[in-house]
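Engineer: One structure, as structure tokens, below. Some questions next.
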Amino acid sequence: MKAAMLYGVKDLRIEDVPEPEVEAGEVLVRVKAATTCGTDLKIFQRGYVERVIRLPTIFGHEWAGEVVKVSEGLEWPKKGMHIRAGNSAPCLHCNMCQKGKYNLCENMIWLWGAYAEYIKVSARMVLVNTQEIPTHVSYEEAAITEPLACVLHGVEEAQVKLGDTVAIIGAGPIGLLHLLTVKKLGVERAIIIDLIEERLDFAGKLGADETVNAGKVDATKAVKQLTGGYGADVVIEAIGLPSTWEQALKLVRKGGTVLEFGGCPPGTEVKLDAEQLHYGEVTVLGTFHTTPLHFRKALNLIASRTIDVRPLVTRRMRLENIKEAFEILSTSKTEIKIAINP
Ligand SMILES: [Zn+2]
Ligand SMILES: [Zn+2]
């Protein structure tokens, strides 16, 4: 089968690799759509933590497809079923799982390999994190379950409430998914901040109430102005840079919450103002990844179109052109997600 193998930074090659063998409890799926993700772009541009991905590997983790092979005796899913699965499955018995923190599982298994004609879903993944896709939902929509699941988890932890003003730093795919989600939660105002005007325009079309170009105006001043001098109730950082992590703290009101959502490079340290945390009672939290429950919720919200993710796919490309797809994403101001069709 054809697969996109990642060998190192910007070293992505289409190769013929053996089709995976299906063992007990496993299924083989014909990938019908795989969507590009900020994490993929990060891995392509600068590498990633070894704990999660080991090179060389087929990468890509947002996908959906049709089951073509089912191991003997496995009752679900059935051949021909449309499914999505992964990209993670907690063990359910480690210390973290026992505490209900499934996203922090100490024995997490990950599923990479969406940029290929076929993907094998392991037994634990079948059991813990595989969902059937309703037939009215397209494969590319279903593929976006993964990032939406991460966003739902983050927004839940940050406790965004009806009537809040939320400021989101970053109008990339993850910032935009936050925007769609908090709008559905009934925020009074969603303010989105980015450096790229085209992205801000797009965010406006998706429902952002205010857009702030941090390259043209002082974002802190702008957010304060929009909030009567107080700052936002909740600030969500959706970029993953130390400078924007620190900026997020400047945009929040007293007693508000900062969700540092974007992962910074390993070893990063950021400055906190102790006064702001103590006298200002600001809550700062980070969230990582998501849980099987949120995957299910995310797919249901996509299927009901409560959260309509369709506008986020801005281009469709063949698997053979995947390197080009990532080069486009590295430079384009208008592309959000590219759906790869193997
Ligand atoms: Zn993703
Ligand atoms: Zn565990």
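Engineer: Based on the mean of other Cβ atoms within 10 Å per residue, sort peptides 297-304, 328-335 so the most packed one is first. Can you show the working numbers first?
Structural biologist: On the way: 297-304: 19.6, 328-335: 14.2.
Put in order of decreasing packing, that is 297-304, 328-335.
Engineer: For segment 193-342, what does the relative contact order come out to in percent, with C-alpha contacts under 8 Å and a separation of six or more? Spell out each step's value before the answer.
Structural biologist: Working: 187 pairs, mean separation 23.3, N = 150.
The value is 16 percent.
Engineer: Where both residues lie in segment 64-221, what percent of DSSP beta bridges are antiparallel, nearest 5?
Structural biologist: Details: 7 of 16 bridges.
Around 45 percent antiparallel, to the nearest 5.
Engineer: Let me ask something else about it. What net charge is computed for the residues neighbouring A123, neighbours being all others with C-beta under 12 Å from the C-beta of A123, Lys and Arg scored +1, Asp and Glu -1?
Structural biologist: Numbers: positive: K120, R124; negative: E23, E26.
Here the charged neighbours net out to 0.
Engineer: In degrees between 0 and 90, to the nearest 10, how far off the longest principal axis of the chain does helix 322-331 point, with axes built from Cα atoms?
Structural biologist: 0 degrees
Engineer: Right, something else. Give me the percent of DSSP beta bridges within the chain that run antiparallel, rounded to the nearest 5. Show your work: numbers first, answer last.
Structural biologist: Working: 29 of 56 bridges.
Percentage antiparallel, nearest 5: 50.
Engineer: Shifting gears a bit: Report the local net charge at L259: Lys and Arg +1, Asp and Glu -1, summed over other residues whose C-beta lies under 15 Å from its C-beta. Don't jump to the answer; show the numbers that get you there.
Structural biologist: Numbers: positive: K161, K250, R253; negative: E156, E157, D164, D233, E237, E246, E260.
Spelling it out: positives minus negatives among the neighbours equals -4.
Engineer: For segment 1-77, what number of Lys pairs, 8 or more residues apart or on separate chains, have alpha-carbon atoms under 21 Å from each other? Intermediate results must be reported in sequence, preceding the final value.
Structural biologist: Numbers: K2/K10; K2/K32; K2/K69; K10/K42; K32/K69.
Count of close lysine pairs: 5.
Engineer: Just to be sure I understand the model, the point goes 7 Å from the Cα along the line to the Cβ. What's the resulting E132 to Y279 distance in nm?
Structural biologist: For the pair E132/Y279, the computed spacing is 6.0 nm.
Engineer: Please give the net charge around K221, taking every other residue with its beta carbon less than 14 angstrom from that of K221, where Lys and Arg add +1 and Asp and Glu add -1.
Structural biologist: Numbers: positive: K216, K224, K250; negative: E210, D218.
With Lys, Arg at +1 and Asp, Glu at -1, the net is +1.
Engineer: Under 12 Å Cα-Cα from K120, which aspartates and glutamates qualify once same-chain neighbours fewer than 8 residues away are excluded?
Structural biologist: Cα-Cα hits under 12 Å: E19, E21, E23, E26, E66.
Engineer: If you split all Cα-Cα distances of the chain into 10 Å bins from zero, what percentages do you get per bin, shortest first?
Structural biologist: 6, 25, 34, 24, 9, 2, 0
Engineer: While we're on this one: By a straight-distance test (C-alpha under 23 Å), which lysines pair with K216 as possible cross-link partners, with residues fewer than eight away in the same chain excluded?
Structural biologist: K205, K224, K250, K333
Engineer: With label points built 7 Å along Cα→Cβ from the Cα atoms of E15 and N95, find their separation and express it in nm.
Structural biologist: Distance between label points: 3.8 nm.
Engineer: For the chain, which span is the longest to avoid every loop-located (per DSSP) member of chymotrypsin sites (Phe, Trp or Tyr not before Pro) having at most 16 other Cβ atoms inside 10 Å?
Structural biologist: Numbers: sites that count: Y230, Y279, F288.
Excluding the exposed sites themselves, the longest stretch runs over 1-229.
Engineer: Continuing with the same structure: Give me the number: length gained by fully extending L162 to T57, i.e. 0.36 nm times residue separation minus the C-alpha to C-alpha distance, one decimal in nm.
Structural biologist: Details: separation 105, 0.36 × 105 = 37.80 nm, distance 4.32 nm.
Computed gain between L162 and T57 is 33.5 nm.
Engineer: Relative to the longest principal axis of the chain, what angle (0 to 90°, nearest 10) does the C-alpha long axis of helix 173-184 take?
Structural biologist: Roughly 70 degrees, rounded to the nearest 10.
Engineer: Run the numbers for N107 and E324: contour at 0.36 nm per residue of separation, minus the present Cα-Cα distance, in nm. Show your work: numbers first, answer last.
Structural biologist: Numbers: separation 217, 0.36 × 217 = 78.12 nm, distance 3.47 nm.
Taking 0.36 nm per residue and subtracting the Cα distance, the gain is 74.7 nm.
Each value in this text was obtained by applying a stated rule to the coordinates, not by laboratory testing. Just so we're clear, the structure is a prediction, and the values are computed from it rather than from any experiment. Neighbour counts are summed over all protein chains in view; Cβ atoms, including those assigned to glycine, are modelled from backbone coordinates with ideal geometry.
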